[in-house]
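Below you'll find the structure, written out as structure tokens, and then a few comments.
A short reminder: the numbers here are calculations on the coordinates, not readings from a lab. Model, not experiment: these values are computed from the prediction. Don't worry about glycine lacking a Cβ; one is built from the backbone with ideal geometry, like all the others, and counts go over all protein chains shown.
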Amino acid sequence: MTDTYTADPRISDLLKPHIRDVPDFPIPGIMFRDITTLLADGPLFRTTIDAMAAPFSGIHKVVIIESRGFILGTPIAYSLGAGVVPVRKPGKLPSETLSEIYDLEYGANELQIHTDAIAPGERVLIVDDLLATGGTLEATIKLVERLGGEVAGISVLAELTALNGRQHTRGYPVHSLLAY
């Protein structure tokens, strides 16, 4: 797999018009990329899932990041014949967890994973909707590595390239369908 923004520019050209720009959400100055308009179109949703999964094989677990990563990662896991492992905010998982704190622009946040979710040596694909600053993905990578999982790659629908989030993906291949 190559470290590219899109495997096929036709996919980007097909999907991008179906993502709604919402200015000043959730705060003034932010341009929110709303994927619900893409998700509502069955054939485009299928195209998205197929394209996000295409570069990967031999995956044991797909680690999905709360919350939009859940929407994309679960059907990707199904298509790859892999299990699903949720990474969530504190207090959302019912059994013993590992935690990883990461920095935000103004403060910090925390993610958790079940301690028995990944066995040492399992090949893991991490899925989220967006790669922005990279903090969430870096925290998730650290959780997977702490459990002994082998990160095979990261698949995201879109990437905000100006925020340089790839610098926090620890050298793992990033597959992104769209670049903004």
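At a glance:
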read-out: The range 118-133 versus the range 142-165: alpha-carbon centroid distance in Å; value: 6 Å
read-out: Candidate values [x] 50, 35, 30; [y] 49, 36, 26; [z] 41, 38, 29, label of the one derived for Cα extents along the principal axes in Å; value: [z]
read-out: Scattering profile of the range 40-131 at q = 0.11, 0.15, 0.23 Å⁻¹ [log10 I(q)/I(0), Debye over alpha-carbon scatterers]; value: -0.35, -0.62, -1.17
read-out: Selection of trypsin sites (Lys or Arg not before Pro), the range 60-93, meeting DSSP coil and at most 13 other Cβ within 10 Å; value: Lys92
read-out: GluC sites (Glu not before Pro), loop per DSSP, at most 13 other Cβ atoms within 10 Å - longest free stretch of the chain; value: 1-95
read-out: Size-normalised alpha-carbon gyration radius of the range 71-175, reference 2.2 N^0.38 Å; value: 1.03
read-out: Cross-link reach list, lysines versus Lys92, counting only Cα pairs under 24 Å and skipping chain neighbours closer than eight places; value: Lys61, Lys142
read-out: Listed residues Gly153, Gly134, Gly81, most fluctuating in the chain (Gaussian network, C-alpha, under 10 Å); value: Gly81
read-out: Contact order relative to length of the range 9-179, as percent, for alpha carbon pairs under 8 angstrom and 6 or more apart; value: 19 percent
read-out: MRE, 222 nm, helices only [DSSP H, n ≥ 4, -39500 (n - 2.57), over the chain, to nearest 500]; value: -7500 deg cm²/dmol
